[in-house]
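Notes follow once the structure below has been shown.
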Amino acid sequence: MTLLITGETQIYGIFGYPVKHTFSPPMQNAAFQAVHRNAVYLPFEVHPDQLATAVEGLRSLQIAGVNVTVPHKIEIIPYLDHVTSTALRIGAVNTIRNDAGRLIGTNTDGLGFVRSLEELSFHPEGSTIGILGAGGSTRSILVALAEANAQFIYLVNRTAHRAQRLAEEFDTRFPDTQVQAVSLDQLYGLSIDLLINTTTVGMKDDLSPADLHRFHTLHHVADIIYSPSQTPLLKQAEALNIPAINGIGMLLYQGCEAFRFWTNQTAPTEIMRAQLLQLLQPRI
Ligand code: ATR
């Protein structure tokens, strides 16, 4: 299908630095075309020194919405008119909607992750979850899992004090969800419904952040890495017959949730998934 740009075409995009590796433009453009929306989604490489003027540009050029990626997710917050409670809890924004000049920021990463768990038929409510890592991705996932009423969340990180700090922050913020920092050895001894890898281990090396043999009980595994599609951690899960997912679902559903935030319309999930898989295919 050819893209017809008219005087009424709405402009969306993504702010990042660098931005050339993003999968969002093909995924969101496929979505706009599928629902016959007169809209286009473009990459905007925004140097950190230019972030304030780029945000002003959203207003002056009446750009309808953007995604925000590394390194701007935290720094962009003060420039916005309103930030949703979820994004404030995470402390980062990945999606902005321009409501007639009023810029509203939200974060769809955690919700995208929780939606991806549907593939495992896994519901966080009342569950016990182990998370490997304590960076930005962990924050968004932690908030979404707590908002979905997970009961216990155990954090393990190479740099233990980062996990400790996160646990202290979130344990008091979500009284119904207990968040605790533990060592990997302590985690192995627990009964875990879902283990999540948010570290980069397995992305560019042939390493695994945990040995699944050592778990006392482990029912599901999720790795947020999507390339390679099967990390050593996921290979081990498959060998042990533990149901597991990679990060493609999180990438897809954060995009679907952004689409919904902008358009108030359900995203054409399967079209977006097919586009993503086609892009990822050469790497898989
Ligand atoms: P993101 O925003 O994607 O979460 P990040 O904030 O850079 O990225 O966090 C990366 C995570 O991967 C951190 O938890 C990091 O552990 P440290 O806090 O100790 O740095 C983890 N990580 C990266 N490389 C690792 C490695 N080789 N072994 C174990 N953990 C690693």
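Here Asp171, Asp176, Asp193 are screened, and the one residue that is closer than 22 Å to Ala237 by Cβ and acidic (Asp, Glu) is Asp193. Restricting Asp223, Asp205 to those that are exposed (fewer than 15 other Cβ atoms within 10 Å of the Cβ) and within 13 Å of the ligand (Cβ to nearest atom) reduces the list to Asp205. Of the set (1) in a loop (DSSP other than H, G, I, E, B); (2) closer than 22 Å to Ala134 by Cα; (3) free of Cβ contacts under 8 Å to residues at least 40 places away in the same chain; (4) open to solvent by less than 60 Å² (accessible area, probe 1.4 Å), all apply to Ala210 but (3).
Here segment 143-162 is the region considered, the condition is being touching a helix residue (DSSP H, G or I) at 6+ places or on another chain (Cβ under 7 Å) and within 11 Å of the ligand (Cβ to nearest atom), and the residue that is least open to solvent (accessible area, probe 1.4 Å) is Leu155.
Residues of segment 163-183 that are part of a helix (DSSP H, G or I) and either open to solvent by 30 Å² or more (accessible area, probe 1.4 Å) or modelled with pLDDT of 95 or more (or both): Ala163, Gln164, Arg165, Leu166, Ala167, Glu168, Glu169, Asp171, Thr172, Arg173.
One line per residue, one yes/no per condition, for (1) at pLDDT 95 or above; (2) open to solvent by 70 Å² or more (accessible area, probe 1.4 Å); (3) more than 25 Å from Tyr226 (Cα to Cα); (4) of a type in the set (Gly, Ala, Ser):
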residue: Thr9; (1), (2), (3), (4): yes, no, yes, no
residue: Tyr12; (1), (2), (3), (4): yes, no, no, no
residue: Leu61; (1), (2), (3), (4): yes, yes, yes, no
residue: Ile74; (1), (2), (3), (4): yes, yes, no, no
residue: Ile96; (1), (2), (3), (4): yes, no, no, no
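Any residue at all in segment 104-112 that is surrounded by fewer than 20 Cβ atoms within 10 Å (Cβ to Cβ) and in contact with a helix residue (DSSP H, G or I) (Cβ under 8 Å, 6 or more places away or on another chain)?
Within segment 104-112, none of the residues are surrounded by fewer than 20 Cβ atoms within 10 Å (Cβ to Cβ) and in contact with a helix residue (DSSP H, G or I) (Cβ under 8 Å, 6 or more places away or on another chain).
Cβ-Cβ distances below 6 Å connect no pair with a first residue in segment 183-199 that is not assigned by TED's automatic domain parsing to the domain that holds Ala134, a second residue that is among the β-branched types (Val, Ile, Thr), and a separation of six or more residues or different chains.
Can you work out which of the residues in segment 104-140 that are in a loop (DSSP other than H, G, I, E, B) and under 23 Å from Leu80 (Cβ atoms) is farthest from the ligand (Cβ to nearest atom)? Only one residue fits best here, namely Thr108.
The values are calculated or read from the model by the stated rules, or taken from the named source; none is laboratory data. On a predicted model such as this, the values are computed, not experimentally measured, just so you know. Here the Cβ is made from the backbone with ideal geometry for all residues, glycine too, and neighbour counts use every protein chain on show. Please note that ligands, DNA and RNA were not included when accessible areas were found on the heavy atoms of the full protein model with its side chains. Shrake-Rupley method; radii C 1.70, N 1.55, O 1.52, S 1.80 Å.
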